[in-house]
Ligand code: SF4
Ligand code: SF4
């Protein structure tokens, strides 16, 4: 079993990742690569050096500091991943903070310690911790004993997943969690593959089995105009939920605010030509779901548990 997980961030006082006030732990590494991802720095499973061109002064102190000639001028800073051993000397030399570490390997004990800092707030608000990413179920065997330890500490645990993980390996972690936020992207395997890099067979299998095993599941859908907001997909999703006795779907409106991050990872990725979901898009999608007997909820409504 792995002894550490790569964490990109531990955010305190979150209110959209489950009930109450929560600490959200972002684990690095994903089994999908959604083109609209808001956390693209969480896709690759290892620590990286991030570069923010908005802060760069063009001084190339980083190039002088690098012992492996891994800093390239193309014409702005670019890191050759094959040469870089992530020693961090360029970060220390950078006067502006344009270079930074993305992801740090942490033990379960260190994560638990960070989570317990806000235990009083969880008790008062009915909150807890949410493991997200990336795909936290990549770390299922690491997380399972940590979830049990946090339960012994009296902490409610939510796992947010896209479900693209074989159920056998993830089951123990999913059964241990108090709540699973399960993202459904598209019911069409071709659309799913085009936009996430993988079809939806594993996602749907994991969804069906986790619900059948009695885990408390809140389904969610990132609503991406032009990708998955068509009537056909909404009706098919509603049918899946009805078949499993679930009466609601949280709609997460896609917004373009995360696109800046795509240019801060390496190799920089061009944002997809998508537009943000508007209140009208949400209303229309909720209307279709309503006709199908499913309540379409927005993230600012209380978590339906
Ligand atoms: S982390 Fe080290 S090897 Fe990598 S680019 Fe920076 S100085 Fe060079
Ligand atoms: S040291 Fe920092 S500010 Fe200077 S060129 Fe490198 S990344 Fe840019």
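Values for this structure:
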| item | result |
| --- | --- |
| Förster radius 51 Å - calculated FRET efficiency between residue 291 and residue 82, Cβ distance, rounded to 0.05 | 0.45 |
| Ranking of 1, 187 by count of other Cβ atoms within 10 Å, fewest first | 1, 187 |
| Dimensions in Å of the range 51-121 - Rg and Dmax from alpha carbons | 16.2, 50 |
| R0 of 51 Å, Cβ-Cβ distance residue 114-residue 278: FRET efficiency to nearest 0.05 | 0.90 |
| Debye intensity ratio in log₁₀ form over the Cα atoms of the range 106-259, taken at each q of 0.18 Å⁻¹ | -1.11 |
| Footprinting exposure proxy for 116, 146, 82, 297 (fewest neighbouring C-beta atoms within 10 Å first) | 82, 116, 297, 146 |
| Value at 222 nm in deg cm²/dmol, rounded to 500, when DSSP H runs of n ≥ 4 in the chain each add -39,500 (n - 2.57) | -9000 deg cm²/dmol |
| DSSP bridge orientation in the chain - percent antiparallel, rounded to nearest 5 | 40 |
| Scattering curve values for the range 24-183, log₁₀ I(q)/I(0), Debye with Cα scatterers, q = 0.13, 0.17, 0.19 Å⁻¹ | -0.73, -0.98, -1.09 |
| Inter-site label distance for residue 121 and residue 298 at 7 Å from Cα along Cβ, in nm | 2.4 |
| Taking 59, 34 and counting other C-beta atoms within 10 Å, the order from fewest to most | 59, 34 |
| log10 of Debye I(q)/I(0), alpha-carbon scatterers only, for the chain at 0.14 Å⁻¹ | -1.10 |
| Modelled label reach - residue 52, point 7 Å along Cα→Cβ, the range 1-18 residues with backbone N closer than 15 Å | 9 |
| Extension gain, residue 242 back to residue 3 (0.36 nm per residue minus Cα-Cα distance, nm) | 82.1 nm |
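Coordinate-derived values only; no laboratory data. Not measured: the values here are computed from a predicted model. Cβ sites come from the backbone with ideal geometry, for glycine too, and all protein chains shown count toward neighbours.
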